[in-house]
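Before any comments, here is the structure.
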Amino acid sequence: MRDETSKALEALTGDRRVRRSRAALTSAMTELTLERGYSGLEPKAVAKRADVGRSTFYTHFAGMDDLLAHSLEKHLSTLAECTLKADLDPALVSLMKHFWQQRGVSRAILHGTAIAAISRVLRSKLEAGLLELRRSQKLQVDQSVSLIAAHISAGQLAALDTWLSGRAPATHDQMARLLQTVSYASACATCSG
């Protein structure tokens, strides 16, 4: 229903206004997450900070987890894609640099209720990628794609949390290489048939 409403809104008002509202809501959520943490953050506060009505929030997003997932869509896609590539993707290196530069926000969203939403989106992206890998290589594998995706996403998020909290010093290049190598190896080991 929300997707149909958003599509209708885009058709009626033009894509620019939709993008502007979504950007304002995303920015407001980021600011409030830095100030208060993600846990307990409510749509009303985000809408107020974004200077939009609460109904505008719900026109674009089903709730806070949906807004969070939208704001991290590109980043989580990059993490999921590294699982399917043998070579280090420069986009992953850039993402690690961004996460490190924004580690206050990054650490805040890797804890509490936010991690469940992030994990759910990342697992979904990984499942889709792993299914495509199986189809493209015509593999017959007994393991559940959901279990494999859960394993890889949990490992990626735990490694990120450890690194961003300073418990395991590494450059953003080293972190990207670690995620790439371990994620790809896990995918290959479980999808090799």
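What the table below lists for this structure:
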quantity: Accessible area in the full protein assembly, largest first, 1.4 Å probe, for CYS82, CYS188; calculated: CYS188, CYS82
quantity: Pairwise FRET efficiency - SER165 versus SER55, Cβ, R0 = 41 Å, nearest 0.05; calculated: 0.60
quantity: Helix-only [θ]222 nm of the chain, DSSP H runs n ≥ 4, -39500 (n - 2.57) each, per residue, nearest 500; calculated: -25500 deg cm²/dmol
quantity: Straight-distance crosslink candidates among lysines, where the alpha carbon sits under 19 Å from LYS74 and sequence neighbours closer than 8 are dropped; calculated: LYS85, LYS97, LYS125
quantity: For region 123-128, 3J(HN,Hα) per residue [Karplus equation, 6.51 cos²θ - 1.76 cosθ + 1.60, θ = phi - 60°, Hz, x = Gly/Pro]; calculated: 4, 4, 5, 5, 4, 4
quantity: Phi to ³J(HN,Hα) by Karplus 6.51 cos²θ - 1.76 cosθ + 1.60 over region 35-50, Hz, x for Gly, Pro; calculated: 6, 10, x, 7, 4, x, 5, 10, x, 4, 5, 5, 4, 4, 5, 7
quantity: Residue-by-residue Karplus 3J(HN,Hα) for region 59-70, coefficients 6.51, -1.76, 1.60, Hz, glycine and proline x; calculated: 5, 9, 9, 6, x, 5, 5, 5, 4, 4, 4, 4
quantity: Order by protection proxy (mean Cβ within 10 Å, highest first), peptides 64-76, 158-170, 48-60; calculated: 64-76, 48-60, 158-170
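The values are calculated or read from the model by the stated rules, or taken from the named source; none is laboratory data. Being a predicted model, the structure only gives us computed values, none of them experimental. Glycine also receives a Cβ, built like all others from the backbone with ideal geometry; neighbour counts cover every protein chain displayed. Protein only, heavy atoms only, side chains kept; ligands, DNA and RNA dropped before computing areas. Shrake-Rupley method; radii C 1.70, N 1.55, O 1.52, S 1.80 Å.
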